[in-house]
Amino acid sequence: MKKNKCLTAVIILLFPAVAASYGQVQKPLISLERISHEFNTIVSKNAKAQLLADGFLWSEGPLWVESHRMFLFSDVKKNVIYKWTREKGREVYLSPAGYTGSVPRGGELGSNGLCLNLKGQLVICQDGDRVVSVMDAPLDKPRPKFIKIASTYKGKKFDSPNDLAVFNNGDIYFTDPPYGLEKNVKDPLKGAPYQGVYRIAKNGKITLLTDTLTRPNGIAFFPGGKTILISNSDKGKAYWYAYDLDKNGLFTHGRIFYSANTAAKTAAGMPDGLKIDKNGTVFASGPGGIWIFNRQGKLLGKILVNDLASNCSLSGDEKALYVTSNHRVLKVTLR
């Protein structure tokens, strides 16, 4: 079969095409880049983007909570977790969310990645405190009280836990890049001389799974729990890596799932947060927006975003994608 050329289709604008106050044509929130016919079964040609809220410093950690029909996300630099619902729009959900200390500090001091454990509790990557914690409060009555479940490894503090994923047995896997440190890798408070990916077992034991990734970031399991995908947000090594899991849940057979090195030279952004749906389709933020792969690592297409895309989260029915994009958060109705 003859290979189709890449086609780009512009999505419907959320706002009027002409800015009333300036008389200028506004840029669309998103557009679609269709690379494979498989893309059409995942993202409809009639997909629409909605701006949910804006005015953030750096939005991250998107999490759709189906049981409460709410969308949670972090503003890493404001030290706040926000909530969005269709009924009330944006509200402050939790503050402080990532740094609970009393000494003023800069950098990415708030929360980052969010997930729910098997008990339905909110688990938080806390950049400022350099720990992974569980919020010690019900989801519908949040309060800044935390139980630390990972704070050190072999006596050294983590740099800034960034993103996390829950294995089917309840173990939590998380990435630890240096971005939350005020001076990044040159920060005098940096602990280990590497960047790690770790596992928190149900009994509390912490295991280093790999120290070979330069900037580990987004992380998610493929359905079945036999393979994990990790993004690497490093210029020149802008890769998504796949690892198989052995019978003990440890990494084996590491390989490059896909390289974004070429795209990173011309488009803004790096491989960052990602999610994988029940069919094994990967939605991964990268240069230019959200990249969509099948589970074999074939690039199907992209949702191009008119700003830096940091992460994404699927709705409960997987028909919508929530995207954190720099100062904004978006909802993309896929089909």
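Bear in mind that the values in this text are calculations on the coordinates, not laboratory data. Values in this document were obtained by computation on a predicted structure and should not be read as measured data. In this analysis, Cβ positions are derived from the backbone assuming ideal geometry, glycine residues included, and neighbour counts consider all displayed protein chains.
Observations, loosely collected:
- Loop sites in the range 198-286: trypsin sites (Lys or Arg not before Pro), DSSP, at most 12 other Cβ within 10 Å: 202, 205, 226, 235, 247, 265, 278
- Alpha-carbon centroids, the range 37-81 and the range 185-209: separation in whole Å: 28 Å
- Legend: distances between Cα atoms for 186/265; 145/186; 157/226; 119/205; 141/205; pairs beyond 22 Å are 186/265; 145/186; 157/226; 141/205.
- Ranked by how many other Cβ atoms sit within 10 Å of their own Cβ, fewest first, the residues 241, 179, 194 fall in the order 194, 179, 241.
- Helix-only [θ]222 nm of the chain, DSSP H runs n ≥ 4, -39500 (n - 2.57) each, per residue, nearest 500: 0 deg cm²/dmol
- Gained length - residue 333 relative to residue 145, 0.36 nm times residue gap less alpha-carbon distance: 64.2 nm
- Taking the Cα centre of the chain as reference, the dipole from Cβ charges on Lys and Arg (+1) and Asp and Glu (-1) amounts to some 440 debye.
- Restricting the GluC sites (Glu not before Pro) of the range 41-102 to loop positions (DSSP other than H, G, I, E, B) with no more than 14 neighbouring Cβ atoms within 10 Å leaves 87.
- Which of 125, 312 has the fewest Cβ neighbours within 10 Å, and the rest in rising order: 312, 125
- Overall form of the range 179-264 per C-alpha gyration tensor (a/c, 1.5; a/b vs b/c): oblate
- Taking the charge dipole of the range 7-333 about its Cα centre, with +1 at Lys and Arg Cβ atoms and -1 at Asp and Glu Cβ atoms, the residue from 28, 196, 323 reaching farthest to the positive side is 196.
- Largest first, the extents of the alpha carbon coordinates of the chain on the three principal axes equal 55, 48, 39 Å.
- Note on residue 190: aspartates and glutamates with a C-alpha under 19 Å away, same-chain residues under 8 apart excluded, are 108, 127, 129, 159, 163, 176, 182, 211, 234.
- Residues with amide H under 5 Å from that of residue 268, placed H, sequence gap 5 or more: 288
- Here the range 274-302 and the range 139-182 have alpha carbon centers that stand 24 Å from each other.
- For residue 88, a cut-off of 19 angstrom between C-alpha atoms picks up these aspartates and glutamates, skipping any fewer than 8 places away in its own chain: 54, 66, 75, 140.
- Under 5 Å, built H, 5+ apart or other chain: amide partners of residue 116: 123
- Rh (Kirkwood; distinct C-alpha pairs) - the range 105-163, Å: 11.8 Å
- Among 124, 219, 147, the ranking by other beta carbons within 10 Å of each residue's beta carbon, starting with the fewest, stands as 147, 219, 124.
- Cα-centred dipole magnitude for the range 245-285, charges only on beta-carbon of K, R (+1) and D, E (-1), debye, nearest 20: 60 debye
- With 0.36 nm allotted per residue and the present C-alpha distance subtracted, the residue 168-residue 153 stretch has 3.1 nm of extension available.
- Taking every DSSP bridge with both residues inside the range 204-274, close to 100 percent are antiparallel.
- When only Cα pairs below 8 angstrom with a gap of at least 6 residues are kept, the range 178-335 shows a relative contact order of 12 percent.
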